[in-house]
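Read the figures in this text as sums done on the coordinates, not as results from a lab. Since the structure is predicted, the reported quantities are computational estimates derived from the model, not experimental observations. All Cβ positions, glycine included, derive from the backbone under ideal geometry; neighbour counts span all protein chains shown.
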Amino acid sequence: RVFVIGSFVMACSVKVARLPQAGESLNGLAFLAEPGGKGFNLALATHRLGITVDGLFAVGTDMVSPMVRSTFAQVGFSEEMLVPHAGSTGAGVAFVDASGENCLAVCLGANLALDADDVRAVAARVGRADLVAATFESPDAPTREAFALARALGRPTLLNPSPVRPIDPGILADTAILVVNAVEAADLGLGTPDTIADARAATPAIAALLDGGLELLVVTLGECGAMAFRPGSPPLHQPAFAVAAVDTVGAGDAFTAGLMAGLLAHEPLAATLRQAAACGALTTCRFGTFDAFPTAQALAAFLDG
Ligand code: ADP
């Protein structure tokens, strides 16, 4: 069972022939509203792999919140996972033109109101989880609280610091597994894709993280696959699977879900990374995220095929 300190964003996109200019009103070609947010995507991708998921997701008091409730019911997530907070539910609006170029803005809204008290109120549920995960679409306070609870019980914690900001030292001290993409790795000063992909040794910044108590660092490098670093072991490289990618949004969330599934099943790290990469690759083969995350059956068929 995984507990996710969640975030929810209703992602709306309008397909247009060209991006509108200031003051202009264009006729759109298609509209799509898709439930998303990094925390929700991570929870959904993990659930698709057959793992029980619990968590906390703040929703506002606007007209979007009933849609979130029906999405959770449709997926099979408990209503207990939703925490009402004043204000608007997280939402994003994007325009996508014929060439795939886009412009977008996300308002995290109620997600930013999730706090440590919300976590304390469900401490028993957090304590039942085998792994607690969080992203940076949530504020630091609930993540710090949940990670401290998990670590006090000897359970692993996973942080995906996206969208990237400096990691709070209290959170880092309670993080067992850190998963970052190339942009986040560079921003956190861990190295460039070239220095990180050099499998002979970890960069000094990565070595310092591992000396500081981090148990596993995974850096995803898109089509160049992923690198995994553990204290006392040489770095491992997992190549990306060659697939006909149509939309890479959500690949990182699917990868992290596959990683958690492998770790919870006590698979060796190499097999876990291979499964994670397969989840990422499968997700790039479909547009969007909601329908793109693979099921356990689809994953098994891909790995065996
Ligand atoms: P994010 O989506 O967070 O930016 P990445 O782009 O690094 O993360 O992708 C995460 C993982 O998904 C990669 O390590 C890789 O295994 C897989 N992946 C991403 N893009 C592709 C692709 N075009 N083809 C195959 N696998 C991919």
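With the radius of gyration and the Kirkwood radius both derived from the Cα set of the stretch 30-129, what is their ratio Rg to Rh?
1.00
Give me the orientation-averaged projected area of the Cα convex hull of the stretch 33-92, in nm², one decimal.
3.9
What number comes out for the charge environment of PHE302, summing +1 per Lys or Arg and -1 per Asp or Glu over other residues with Cβ under 14 Å away?
Result for the local shell: +2.
Would you please put 289-296, 271-278, 117-124 in order of how densely packed they are, using the mean number of other Cβ atoms within 10 angstrom per residue and starting with the highest?
271-278, 289-296, 117-124
On the Cα set of the stretch 194-250, report Rg and Dmax in Å, please.
Taking only Cα atoms of the stretch 194-250, I get Rg and Dmax of 12.9, 40 Å.
Hey, what's the Kirkwood Rh for the stretch 240-305 if you take every pair of different alpha carbons, in angstrom?
When all Cα pairs of the stretch 240-305 are included, the Kirkwood radius is 11.5 Å.
So if the hydrodynamic radius of the chain is defined as the Kirkwood radius over C-alpha pairs, what does Stokes-Einstein give as its diffusion coefficient at 10 °C and 1.306 mPa s, in µm² per second?
81
In Å, what Kirkwood hydrodynamic radius results for the stretch 1-78 from the alpha-carbon pair distances?
By the Kirkwood definition, the hydrodynamic radius is 14.3 Å.
Output wanted: per-residue J couplings in Hz (rounded whole) for the stretch 244-258, from phi through Karplus 6.51 cos²θ - 1.76 cosθ + 1.60, θ = phi - 60°, x for Gly and Pro.
8, 6, 10, 6, 8, 4, x, 4, x, 5, 5, 4, 5, 4, x
To the nearest Å, what is the center-to-center distance of the stretch 133-200 and the stretch 213-252, using C-alpha atoms only?
15
Please state the equivalent ellipsoid semi-axes for the stretch 150-207: what are the square roots of 5 times the Cα gyration tensor eigenvalues, largest first, in whole Å?
With the √(5λ) rule applied to the stretch 150-207, the semi-axes are 23, 14, 9 Å.
From the mean inverse distance of alpha carbon pairs (Kirkwood) and the Cα radius of gyration, derive Rg over Rh for the stretch 130-245.
That ratio is 0.97, to two decimals.
Please report, for the Cα atoms of the stretch 80-144, the Rg to one decimal and the Dmax as a whole number; what are they, in angstrom?
Calculated on Cα positions, Rg and Dmax stand at 15.7, 49 Å.
Please give the net charge around VAL16, taking every other residue with its beta carbon less than 14 angstrom from that of VAL16, where Lys and Arg add +1 and Asp and Glu add -1.
Combined, the nearby Lys, Arg, Asp and Glu give -1.
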